[in-house]
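Step one of this worksheet: look at the structure below.
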């Protein structure tokens, strides 16, 4: 069977999901750019949460360009977990995964 290139492109576009799309958390929607505190208030207590603060110099000042990174996990909802990545307390990405959080979820 021969598939036209335009059909293959259309099929590939259907498989790609937008990481910047809104995500459902219970009855609320969580959007990229939402603050960590707002998401925790809207969605409640997460299944797992990990944080890695900015790199601090010896004098106590954060290194230039260093960021605070948080990962918050909710689920399972239909067998999938929502891994929410926050950089500097702002939601950047939501990934859906079938595996439960274990070990270091920041990786």
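The values are calculated or read from the model by the stated rules, or taken from the named source; none is laboratory data. All of these numbers come straight from a predicted model, not from anything done at the bench. Ideal geometry is used to build each Cβ from the backbone, glycine not excepted, and the neighbour counts take in all protein chains shown.
Here are a few things to note about the model shown:
- Search result, residues across the stretch 79-102 that are without any contact (Cβ under 8 Å) to a residue 24 or more places away in the chain, within 10 Å of residue 48 (Cα to Cα) and not in a strand (DSSP E or B): 102
- A single entry from 89, 52 fulfils the requirement of being touching a strand residue (DSSP E or B) at 6+ places or on another chain (Cβ under 8 Å) and on the phi > 0 side of the Ramachandran plot: 89.
- Only one of the numbered conditions (1) modelled with pLDDT under 90; (2) under 22 Å from residue 26 (Cα atoms) is not met by residue 81, and that is (1).
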